[in-house]
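What follows is a short report on a single structure.
The values are calculated or read from the model by the stated rules, or taken from the named source; none is laboratory data. All of these numbers come straight from a predicted model, not from anything done at the bench. Please note: Cβ atoms are built from the backbone with ideal geometry, for glycine as well, and neighbour counts cover all protein chains shown.
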Amino acid sequence: MSKAFNNPYSHGFFRCAAARPVIAIGQPEVNARRQIELINQLSQQRAGIVVFPELSLTGYTLGDLFQQKTILDAAIDALQSVAAASADKDCLIVTGLPLLAGYRLFNCAAVIHRGQILGLVPKTWLPDHREFYEKRQFCSSRELDICEVIISGSRIPIGTDLLFACRQFEHVKVGIEICEDLWAPLQPSTSAAMAGATLICNLSASNIVIGKAEYRRLLVKASSGRNICGYVYCSAGEGESTTDMAWDGHMIIAENGALVEESKRFSAESDCIVTDLDLEKLQFERLRNNSFRDSAAECCNNGRCFRTVEFDFAGPQTGELPLMRRVPRFPYVPDEDSERNARCEEVLNIQVQGICARLKATGIKKAVIGISGGLDSTLALLVTHRAFIRLGLPVNGIVAVTMPGFATSDYTRNIAIDLMRALAVDYREIDIKPSCLQMLKDLGHPFAAGKKQYDITFENVQAGERTSHLFRIANHENGLVVGTGDLSELALGWCTYGVGDHMSHYNVNASVPKTLVKFLISHLAEAFPTESTAARTLQKVLAATISPELIPVEGEEQVPQQTEATVGPYELQDLHLYYISRFGFKPSKVAYLCWQAWLASKKYSLPTIKNWLKVFIKRFFAASQFKRSCVPDSPKIGSGGSLSPRGDWRAPSDMSAETWLAELEKNIP
């Protein structure tokens with residue numbers, strides 16, 4: 001079957017819906033009709049699964065009426081009505097009802113697909129405290145002594161040991177738990193996740209009291225994070241009896257510890273939420289997490305076995321389908337202001353703590369930094385400045401050196417000088433042109449003889465001379481050379497190897513991507529008075545075009561060097577880096593996610609993204625691993641990872657990129 005590129009199902013996503021109809025207490029057929037209406041609506045949106053609240057075919061608040069045979073029979077009839085209505089639907093349906101099995105009554109979730117009841121999962125933990133009296137009516141799954149029931153002549157598996165697996169998508173495996181199961185210390189979902197469930201559905205009838213909604217969010221996020229799974233939570237709302245309790249109809253969808261979608265509460269109408277969960281990503285997360293794998297093995301060794309019920313789900317991956325989920329353009333940077341500011345402070349504290357520990361361990365009281373007027377050296381200087389203040393060291397112990405070369409502009413030179421003066425560090429300027437000319441003369445390079453040959457040797461002589469000066473200054477001053485290169489440059493190999501900007505005694509920026517560098521500087525700028533020299537200078541740093549300034553500009557018609565014209569826009573390359581190094585996604589999926597992130601702005605077309613992704617793949621896999629194999633010490637900043645061989649990334653330096661390039665060409669139109 002041909003997969004459409006512009007379709008989330010083609011890239012490991014699974015469309016999940018939580019649906020909360022207005023409940024008609026004690027009227028199962030009415031509830032069935034209302035559920036069918038929502039199923040029809042969500043089926044048109046090509047949902048892969050629809051989850052309803054606990055006991056939603058009867059209502060949760062029936063009390064002793066659950067022991068009325070009339071209600072129990074009507075619930076079965078309603079279940080069959082929903083099943084019959086699903087015969088031409090592709091989505092999995094999970095609804096709730098009371099089920100009589102022998103002389104025991106169970107609070108069950110029923111899983112339905114294409115007209116069939118695939119299985120029944122009973123609730124394990126029954127609350128019987130405060131306002132809850134479930135043990136008065138129901139039995140726990142621990143009392144279940146059968147493995148199947150007969151409904152209208154069909155044998156239906158029943159138990160908490162059921163997983164529902166899609167034949168077409170190996171990453172789609174569904175586990176079920178009910179309300180209090182989430183709140184209990186021993187959650188059934190944990191065992192299901194250990195057995196392979198990537199998606200947990202919780203049918204709930206959680207009443208509302210002050211503070212409970214936030215606690216639900218925490219529980220759902222924590223459960224999805226601990227179990228590395230998607231989690232769909234759907235709770236009862238309008239229509240449930242308010243004799244003793246109130247209901248807010250809270251619905252939450254989370255993925256690996258993050259809240260992805262949430263409903264409004266206290267709606268008087270039927271409501272639903274829909275989003276696409278990246279269940280394939282969760283597989284990769286589990287692959288990398290040995291604690292998860294060890295826990296899964298422990299569960300298996302303890303004899304916890306599950307039965308798998310398979311279902312078919314093929315249609316939705318054909319044809320185009322918009323992604324029902326926002327893909328952030330800057331995965332390393334939170335969107336919301338307060339969260340972003342908190343993240344920036346956390347990153348800065350990690351950087352500062354790293355260099356503080358190195359200075360204390362060595363007893364060194366001076367730091368040497370090369371300042372270009374660009375983003376990276378600015379951040380390194382600001383971080384080191386903070387570190388010296390934290391250690392109680394005089395900031396003039398920071399030896400900041402600007403080293404103009406053949407192509408250094410007055411604009412960036414003045415920025416560097418203004419910043420160093422504003423921070424009251426030991427400011428120095430060294431013209432590296434004479435030493436560069438001597439090196440080029442020693443090499444017999446044409447430039448030393450007056451010819452304008454601006455090749456890689458010409459460029460790297462300047463970078464090497466700068467670093468050579470910094471190390472000799474550090475020797476002379478008994479100081480520590482602070483590195484400035486960032487994560488994005490390391491990924492792309494955009495750093496001069498050896499005695500160049502690749503090397504330092506300690507690098508505070510090596511785990512910070514370029515897009516985050518900008519936000520960190522912007523955050524730091526707010527600490528200075530608006531009209532101060534420091535604040536104005538930092539704004540100039542942020543506004544400047546990123547350039548190595550190694551090739552002279554001759555004539556007004558010549559455009560100065562622009563880094564992003566060679567290695568690609570960092571806002572794209574950081575996305576590529578995040579999804580390839582953090583999750584190991586295929587290039588076609590990376591391109592899809594990047595395209596979705598920028599689709600609304602229309603800034604980057606798919607062909608443009610594909611072009612720069614090819615550049616990234618070539619540079620990342622085949623051209624620059626040898627530089628990452630011997631990077632200086634640097635603190636790891638975030639879960640996005642570092643590229644240090646002592647941290648997150650180990651790879652052969654002589655690797656080919658052809659496999660990744662071939663996948664990209666094969667799967668992107």
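Scanning the stretch 297-342 for residues being free of Cβ contacts under 8 Å to residues at least 12 places away in the same chain and surrounded by 16 or more Cβ atoms within 10 Å (Cβ to Cβ) gives a total of 1.
Here is a list: 348, 379, 391. Which entry is at pLDDT 95 or above, at negative phi and touching a Cys at 6+ places or on another chain (Cβ under 7 Å)?
On the way: 348 fails: touching a Cys at 6+ places or on another chain (Cβ under 7 Å); 379 fails: touching a Cys at 6+ places or on another chain (Cβ under 7 Å).
Residue meeting the stated conditions: 391.
Can you find even one residue in the stretch 581-595 that is surrounded by fewer than 16 Cβ atoms within 10 Å (Cβ to Cβ) and free of Cβ contacts under 8 Å to residues at least 12 places away in the same chain?
At the first step, the residues of the stretch 581-595 found to be surrounded by fewer than 16 Cβ atoms within 10 Å (Cβ to Cβ) are 584.
Still in the running and free of Cβ contacts under 8 Å to residues at least 12 places away in the same chain: none.
Within the stretch 581-595, none of the residues are surrounded by fewer than 16 Cβ atoms within 10 Å (Cβ to Cβ) and free of Cβ contacts under 8 Å to residues at least 12 places away in the same chain.
Residues in the stretch 373-389 that are touching a helix residue (DSSP H, G or I) at 6+ places or on another chain (Cβ under 6 Å) and either surrounded by fewer than 18 Cβ atoms within 10 Å (Cβ to Cβ) or assigned to a loop (DSSP other than H, G, I, E, B) (or both): 373 alone. Of all residues in the stretch 390-425, those that are under 30 Å from residue 345 (Cβ atoms) and either touching a His at 6+ places or on another chain (Cβ under 9 Å) or outside any helix (DSSP H, G or I) (or both) total 12. Applying the set (1) within 23 Å of residue 524 (Cβ to Cβ); (2) free of Cβ contacts under 8 Å to residues at least 12 places away in the same chain to residue 377 leaves exactly one unmet item: (2).
With respect to residue 508, is the statement that it is under 25 Å from the mean Cα position of the chain (by Cα) and either modelled with pLDDT under 95 or crowded, with 16+ Cβ neighbours inside 10 Å (or both) true? Answer is yes for this residue. If the condition is being in a loop (DSSP other than H, G, I, E, B) and among the charged types (D, E, K, R), then the stretch 487-509 contributes only 501.
Conditions tested, residue by residue: (1) within 38 Å of the chain's Cα centre (by Cα); (2) at pLDDT below 95.
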site	(1), (2)
121	yes, no
130	no, yes
145	no, yes
149	no, no
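Residues in the stretch 616-653 that are over 23 Å from residue 507 (Cβ atoms) and modelled with pLDDT under 95: 622 alone.
More than 21 Å from residue 554 (Cβ to Cβ), within 38 Å of the chain's Cα centre (by Cα) and at pLDDT 95 or above - does that describe any residue in the stretch 437-458?
Step one: of the stretch 437-458, the residues more than 21 Å from residue 554 (Cβ to Cβ) are 438-439, 441-444.
Still in the running and within 38 Å of the chain's Cα centre (by Cα): none.
Within the stretch 437-458, not a single residue is more than 21 Å from residue 554 (Cβ to Cβ), within 38 Å of the chain's Cα centre (by Cα) and at pLDDT 95 or above.
In the stretch 247-277, how many residues are part of a strand (DSSP E or B), in contact with a helix residue (DSSP H, G or I) (Cβ under 8 Å, 6 or more places away or on another chain) and crowded, with 22+ Cβ neighbours inside 10 Å? Break it down into steps so the answer makes sense when it comes.
Within the stretch 247-277, the first condition is being part of a strand (DSSP E or B), and the residues that meet it are 247, 251-255, 258-262, 271-277.
Next cut, in contact with a helix residue (DSSP H, G or I) (Cβ under 8 Å, 6 or more places away or on another chain) only: 252, 254-255, 258-259, 262, 272, 274, 276.
Going one step further and asking which of them are crowded, with 22+ Cβ neighbours inside 10 Å, we end up with 252, 254-255, 276.
Matching residues across the stretch 247-277 total 4.
Rundown of residues vs (1) touching a residue at least 60 places away in the same chain (Cβ under 8 Å); (2) over 15 Å from residue 405 (Cβ atoms); (3) in a helix (DSSP H, G or I), yes/no style:
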position	(1), (2), (3)
427	no, yes, no
437	no, no, yes
441	no, yes, yes
457	no, no, yes
461	no, no, yes
470	yes, no, yes
485	yes, yes, no
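Reported count of residues in the stretch 137-155, each being on the phi > 0 side of the Ramachandran plot and either of a type in the set (A, V, I, L, M, F, W, C) or surrounded by 11 or more Cβ atoms within 10 Å (Cβ to Cβ) (or both), is 1.
Within the stretch 545-565, the set of residues being within 29 Å of residue 658 (Cα to Cα), without any contact (Cβ under 8 Å) to a residue 60 or more places away in the chain and not charged (D, E, K, R) comprises 562, 565. Looking across the stretch 59-111 at every residue that is under 39 Å from the mean Cα position of the chain (by Cα) and of a type in the set (D, E, K, R), the one that is surrounded by the fewest Cβ atoms within 10 Å (Cβ to Cβ) is identified as 88. Residues of the stretch 596-644 that are out of contact with any Ser or Thr (no Cβ under 9 Å at 6 or more places or on another chain) and of a type in the set (Val, Ile, Thr): 608, 609, 617.
Taking the stretch 619-637 as the range and being under 28 Å from residue 11 (Cβ atoms) and surrounded by fewer than 17 Cβ atoms within 10 Å (Cβ to Cβ) as the test, only 623 passes. Give me the residue from the stretch 638-657 that is hydroxyl-bearing (Ser, Thr, Tyr) and surrounded by fewer than 17 Cβ atoms within 10 Å (Cβ to Cβ) and, out of that set, farthest from residue 345 (Cα to Cα). The extreme case among them is 656.
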